[in-house]
Amino acid sequence: MRARLRSFSQKQFVRDAVMLQIATLVQGATYFLTSVLTKHYLGLEDLGRWVTSRELFMFAYFFVSMGVINATVSRYAACVGRQDREGAVQTLAAMVKVGGGCSLIVLLLGFTLGPWAGERFYNSREVGVFAAFLCVSGLFEVVRGVTVAVLQGTRQMREYSRLDVITNGLRVGIVWLALALGFGIPGVVGAFLVHMLAASWISRGFYRRAQAGPPKLAPPPLREVLAAVPGAPVGHIFGTGYLLALNKAMNTLVPRIGMLLIPAGAAATMAAQAEANRANGAYSIGHVLAWGLGLALTGVAGTLLPALGLKMGTQDIPFEKLGGYLRRISLVTGTLMAAATLLSVGPVWLVVQYAYGADATEAFTYFCWLASGNLVIGFTVVVEAFYIYSGKLRAALPWNFLMAAVAFAGIVLAKQHFGPIGVAAAAGTCRALALFHLVYIWVYFRRVRSRARAGVAPELPPDGRPQA
């Protein structure tokens, strides 16, 4: 048994996952500290207003920038595996082109529509103005995104983890300083922008460090990437990113949509709006705690994408065996996630009581409903990697639209009939719809194995990846 454990721990996939897991624990701790600080300095009502501004920005950025980083990671990893330097340059250049263009679109939308949306839906023009200023951060995200793609794409997880820990720790310090100086919500917005600018500058240093590393893994100089931007084809990055965004919507957007719906339309009186903002603040606390549990999947998910990319690039994994590889990962991560969720209930109750205060006790109820989605979502950690490497992203598109529509309708109806608690219950339980993807993957690999037993070679799409 000891020998098996030692052999298991020596696998690069396991080492990478553990390294990312350490970084995500730190990341989760920093978000928790930021949540506690903002609640205590701003109060529950202003916390709710800040959360609304942040989510307006986040949703705009998500729908416009989409899954560009993950799409880049998978393609860049495959290029490195094939030692295709020109392909690597073009991939990074395409990311800069798409990321920069999307950031400008978000910025334009933020300042033209943000103030109107704040006044129209939340009885506060300030909420929309704050969201507009947050949109500036998208421009800083491009450099950090390129560095993340390079480090994850070449499985330099130690360096990526160091970058993540440093930038997240810096965020806590900057936010605490802004709050302690009494700048309120504008101070938090400013701290967010300063943090993103600093993270961009720090990321540039990590990119240069990667260039000094092993030649096979060294990224091209940034000036070469920037020079290739005008002519870089963006179809694959843009298309894959768009499809990835839709696939991630169930896990990423469904739990967060409540932070936009709860305070919306409650402006009949100022007292009603204030109560809705306080409920939104409590909901955001429940979301932070439930999302922190979900970070347990990041080490596996963040390692799986580049690991498969390198394997596909070097073609050292038979495609008919990929199903078993994904199934084992799904069962392990799903079981661990479900167990962690159930064991967390008691400690989270204590955290809400003693870290956030008696006025935030409702956050525990929100947490329980939102975390219920973690009981099943852990099993779907392999979905994104499967759709990328099987070339089946488009096949999932109609189902993702349908599931997103069902989830959104369920959350809206739950709010109308049961208020904020209904939103949390619907957001948590609707995440179980993502299990459909596991059924699809199981059927897909049954077909692949049948063809392999019959001696029929799998069909290959233009890029050379097997496709059933």
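Nothing in this text is a laboratory measurement; each read-out follows from the coordinates by a stated rule. These numbers come from a predicted model, not from an experiment. All Cβ positions, even for glycine, are placed from backbone atoms using ideal geometry, and neighbour counts span all protein chains on display.
Tabulated values for the structure
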{"item": "Least to most buried among Y356, Y160 (fewest other Cβ within 10 Å first)", "result": "Y356, Y160"}
{"item": "Order by protection proxy (mean Cβ within 10 Å, highest first), peptides 49-55, 413-419", "result": "49-55, 413-419"}
{"item": "Sorted by Cβ density within 10 Å, fewest first, the residues K392, K97", "result": "K392, K97"}
{"item": "Ranked I174, I22, criterion: other C-beta atoms within 10 Å, fewest first", "result": "I22, I174"}
{"item": "Among 114-127, 420-433, the order from most to least packed when residues are scored by Cβ within 10 Å on average", "result": "420-433, 114-127"}
{"item": "Square roots of 5 times each gyration tensor eigenvalue, C-alpha, region 101-249, largest first, Å", "result": "31, 22, 13"}
{"item": "FRET efficiency for E119 and S450, using Cβ-Cβ distance with R0 set to 60 Å, rounded to 0.05", "result": "0.55"}
{"item": "Region 152-228: mean projected area of Cα convex hull, nm²", "result": "6.1"}
{"item": "Potential extension, H40-T252 segment - 0.36 nm per residue separation minus Cα distance", "result": "73.7 nm"}
